[in-house]
1. Pull up the cross-link candidates among the aspartates and glutamates for Lys243, meaning alpha carbon to alpha carbon under 13 Å and not fewer than 8 places away within one chain.
2. Compute the whole-percent fraction of alpha carbon pairs in region 146-235 spaced more than 20 Å apart.
3. For Lys50 paired with His95, estimate the spin-label separation in nm (one decimal), with each label point 7 Å from Cα along the Cα-to-Cβ line.
4. Hey, which of these cross-link pairs are over 26 Å Cα-Cα: Lys162/Lys255; Lys255/Lys286; Lys233/Lys271; Lys162/Lys286; Lys233/Lys255?
5. Answer with one residue from Ala65, Ser87, Tyr39: the one whose Cα lies farthest towards the positive end of the charge dipole of region 39-91, charges on Cβ with Lys, Arg +1 and Asp, Glu -1.
6. So between Arg26 and Arg319, what do we pick up on full extension, going 0.36 nm a residue minus the alpha carbon distance?
7. Straight-line reach only, C-alpha to C-alpha below 15 angstrom: list the aspartates and glutamates that Lys97 could link to, leaving out same-chain residues fewer than 8 apart.
8. Extending each Cα 7 Å along its Cβ direction at Thr41 and Ser87, get the distance between those two points in nm, one decimal.
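The values are calculated or read from the model by the stated rules, or taken from the named source; none is laboratory data. Just so you know, these numbers come straight off a predicted model, no measurement behind them. Don't worry about glycine lacking a Cβ; one is built from the backbone with ideal geometry, like all the others, and counts go over all protein chains shown. Side chains included, ligands, DNA and RNA excluded: accessible areas come from the protein's heavy atoms. Shrake-Rupley method; radii C 1.70, N 1.55, O 1.52, S 1.80 Å.
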Amino acid sequence: MKRNPSRAYKGHNGLMLGQWMESEIREQPAVLANGALRYSTDLLPLKDRKFEMVLLVARGSSDNAALYARYLIEVFLQIPVTLAAPSVLTRFNRHVKYTNCLAIGISQSGAAPDVAEVLASLRQEGHATLAITNTEGSRLMVEAEHSLLLGAGLERSVAATKTYSASLLALYELVRILGAELPNPAELLPCTDWVDFTAEAAQTASGPVVRSSPVFSLARGFGFSTAQEAALKLMECALIPCKAFSSADFEHGPKALAGHGSAAICFDGPKPDLAAQGCEILEAPKPPMNRAGDIEGILSPIWDIVFGQWLALTSARARGLNPDDPRHIQKVTKTL
């Protein structure tokens, strides 16, 4: 008999813990299908534009989406990419000298003041600017020359789920518009069956995650963004300290911590050497090859993060926590 990951997890008010988060995880196939129909058209003003570099500006989950974009751009367009340090401008009032730059600001709320400040500065200096957001009329859209509205609908849970996966798809489509020869994603995106399958897998994996310390999240390449986002979700939703590493970097010291009592969430395959050290290996399920079977795993992050989201939700519920209303944080965070 299949287990329902939302079974019996209710708060003191009788409401399901993380009910909004669960609902929004389940909305992702429809949100992504809609995005696949629209995003490339909305990005046409940038079609085949040539840039000497790309600057990515984001915070939180959006910063993890930016990491995905960095790999896409550098691998398929061979354009150097840098992730902005907004405080260089907002705290130190210094203007970095960029050359023929495309600056991309990513913020689901569009209200991040430091992200908007950087885009406004770059636009004033004559560079192309693009806002990717889920909030129409937001400051980010006002400051940027070009905008892509994600159209994911209202996201009520503090944890970003559907806006995160939609951001990944938007960035993939941007790289296609800029000239990369990548497949049309319309038939290569997660479906409802995948959402259900990963819910079951996460329910099983949540036990070891909750009882282990330390917990690691590992991946490489395109999937490194997934490792980062899954770790962030476990921290903010389930209050589980989880550290993300590139699987390559993990070999350079941190693996010494992967002994008995530890666990590693692996998005890039099994880790027999870590298992031999006593670390519990939690291998993320792989997308069906007939849908996301690109050899390099280019679209896999859009699939893989669904498991990471469920893992955070089921772990939070196991600890009696409500990820829709986590402690000490709010939906919109404003930093300068």
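1. Straight-distance partners of Lys243: Glu229.
2. Roughly 52 percent, once rounded to a whole number.
3. Inter-label distance under the simple model: 2.6 nm.
4. Listed pairs above 26 Å: Lys162/Lys255.
5. Final value for the positive-end residue is Ser87.
6. So the chain would gain 103.3 nm between Arg26 and Arg319.
7. Glu52, Glu125
8. 4.3 nm
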